[in-house]
Amino acid sequence: MLQTLIHYSLHFGLPLIVALVFFKTNWKFAYLLMICGMLIDLDHLLANPIFDPGRCSINFHPLHHYYAVAIYIVMAIFKRTRLLGIGLLIHILADAVDCLLM
Ligand SMILES: [Zn+2]
């Protein structure tokens, strides 16, 4: 229960805080783009079973692999892809915390 709460507050709360603190003028747009980072969970559809509460996503799913994380870091550096990159890194962070709490 507590783990689920931590998971979703990281997934949805952290991007909101980042948007409000660093992108004051257009925080809604920033928040929306960062929430798009959730889309990488579509790679779970490639796994069997699709959802397993006891499985750590990091390094298991292709879009949660270390090489993918390296791409997200590069995306966060460049202005054009920064918001999406940050959103993806927050997503990975939320999933990583999940793995630690398992
Ligand atoms: Zn994920």
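Quick notes on this one:
- Residues (open to solvent by 80 Å² or more (accessible area, probe 1.4 Å) and either closer than 15 Å to Val97 by Cα or of a type in the set (Ser, Thr, Tyr) (or both)) located in region 13-42: Thr25
- Picking from residues in region 46-102 that are open to solvent by 40 Å² or more (accessible area, probe 1.4 Å), over 28 Å from Phe23 (Cβ atoms) and touching a residue at least 24 places away in the same chain (Cβ under 8 Å), the one that is nearest to the ligand (Cβ to nearest atom) is Cys56.
- The set of residues in region 1-12 being hydrophobic (A, V, I, L, M, F, W, C) and open to solvent by less than 50 Å² (accessible area, probe 1.4 Å) consists of Leu10 alone.
The values are calculated or read from the model by the stated rules, or taken from the named source; none is laboratory data. In this text, all values refer to a predicted model and were calculated from it rather than measured experimentally. Cβ sites come from the backbone with ideal geometry, for glycine too, and all protein chains shown count toward neighbours. SASA here: full protein model, heavy atoms, side chains in, ligands and nucleic acids out. Shrake-Rupley method; radii C 1.70, N 1.55, O 1.52, S 1.80 Å.
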